[in-house]
Every structure is written in structure tokens, then in C-alpha cells.
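Reviewing the structure listed below.
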Amino acid sequence: MSRLIYVLNGPNLNLLGKRQPEIYGADTLVDVERDVRAVAVEFGLDVRFHQSNREYELIDWIHEARETAAGIIINPGAFTHTSVAILDALNAFDGFVLECHISNVHKRESFRHHSYVSLRADGVMAGFGVQGYALCVRRMAHLIDTKKK
Ligand code: CA2
């Protein structure tokens, strides 16, 4: 199995560390990418790390991952709660999918309680702050290494 994973980030996550630190913390997306890469190296995983504010770009990366990757860690941002198109793209991907949210979406507004992506995800992380990404990488390594699929 490939040891490549995609880490995808949806709309507004480029603002991480620049606004609303009381919800999302003080770390930037650059800090998150550094942490993700540090853990990935420990487990011998290669990482493609992306962020986009455009739904189609996230979908194109999921399609690209179909050809090459063992897993996708995705924080779809607000598309989590709206995008059947991202769900459809993930349903066409055969590897592992982990959904990662920085905040505890279940403690927030009710419109954040439903996730289309959770219908496909093999696991869901929420409320662990940006540390959740590195934890997802660990989990992804375990899933790939034990090939539960
Ligand atoms: O908790 C999460 O990770 C979310 O996916 C973040 C999304 C939100 O719509 C989801 O319900 C939960 C929002 C991402 C916006 O990120 C910002 C970061 C800093 C400043 C402003 C926005």
C-alpha cells in the first residue's frame, strides 16, 4: 500500500491563528503543517498538505488522491455541513478517511452538528484543537499499517 496521505483543509482555514483564537487557537496553518509533517516522518508517511476556499479544488485533490494515496485527513471547514459533492468525491476514494475539526462542533450551533463527511469517515476528531491533526496522522498510520480495509 502507498504511504502517501493527503491533508486537506477547507474554507477560511487559511485564517487560522489570525482571527477567533478563542475558538481555533493561536497556531497558524503553517504551524499545523509543520506538526503534521513531524509526526508523518515518525511513521514513514509522505504528506500532501493543501488548503482551499474553493469546493472544486478540494474535490480535485480528493480525485488526485484516488490514484496515489492510502488516506485522506480532511477538515472540510463549513463544507462539512453543506457539501454532498465532497461526500460524493470521498465515496469514490478507496483508502481511509479521517475527518478532523479543531473545535468541538457538537458544543456549537446546531447547524454544525450534522456532517455529510461523517457518512464516509472512518473516524472523526473534534475539539482537540490543532493537536487533532497530529493525532489523526497517528491514527492514519495505524490504519495503514494494520490494513483494516
Ligand atoms: O472546528 C473546525 O475545524 C471547523 O471545521 C472549522 C470551520 C467551521 O465552519 C466548522 O463548523 C468547524 C470554520 C473554519 C474557519 O476557520 C477560521 C479560523 C480562524 C479564523 C476564522 C476562521
Requested in this report: Output the number of residues of region 97-121 satisfying the condition of being part of a loop (DSSP other than H, G, I, E, B) and either buried (at least 16 other Cβ atoms within 10 Å of the Cβ) or modelled with pLDDT under 95 (or both).
Outcome: 6
Report summary line: Checked 74, 144, 102 against criteria (touching a residue at least 40 places away in the same chain (Cβ under 8 Å), touching a helix residue (DSSP H, G or I) at 6+ places or on another chain (Cβ under 6 Å) and among the β-branched types (Val, Ile, Thr)); the one match is 102
Requested in this report: Those residues that are crowded, with 21+ Cβ neighbours inside 10 Å and either closer than 17 Å to residue 24 by Cβ or within 13 Å of the chain's Cα centre (by Cα) (or both), I need them from region 135-147; list them, please.
Outcome: 136, 137, 140
**Report entry** Per-region count, region 1-27, residues free of Cβ contacts under 8 Å to residues at least 40 places away in the same chain, of a type in the set (A, V, I, L, M) and near the ligand (Cβ under 8 Å from one of its atoms)
**Finding:** 1
Report task. Quickly run through region 91-121 and pick out the residues that are more than 13 Å from the ligand (Cβ to nearest atom) and among the acidic types (Asp, Glu). Result -> 94
Report summary line: Of the residues in region 53-96, those that are touching a strand residue (DSSP E or B) at 6+ places or on another chain (Cβ under 9 Å) and part of a helix (DSSP H, G or I) come to 57, 58, 61, 62, 64, 65, 68, 77, 80, 86, 90
Query raised in the report: Which of (1) in contact with a Ser or Thr (Cβ under 8 Å, 6 or more places away or on another chain); (2) within 21 Å of residue 17 (Cβ to Cβ); (3) of a type outside the set (Ser, Thr, Tyr) is the odd one out, the single condition residue 137 does not satisfy?
Result: (1)
**Report entry** Residue check, residue 39 within 15 Å of the ligand (Cβ to nearest atom) and either out of contact with any helix residue (DSSP H, G or I) (no Cβ under 6 Å at 6 or more places or on another chain) or in contact (Cβ under 8 Å) with a residue 24 or more places away in the chain (or both)
**Finding:** no
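The values are calculated or read from the model by the stated rules, or taken from the named source; none is laboratory data. Fair warning: this is a prediction, and the values are worked out from it, not measured in the lab. All Cβ positions, glycine included, derive from the backbone under ideal geometry; neighbour counts span all protein chains shown.
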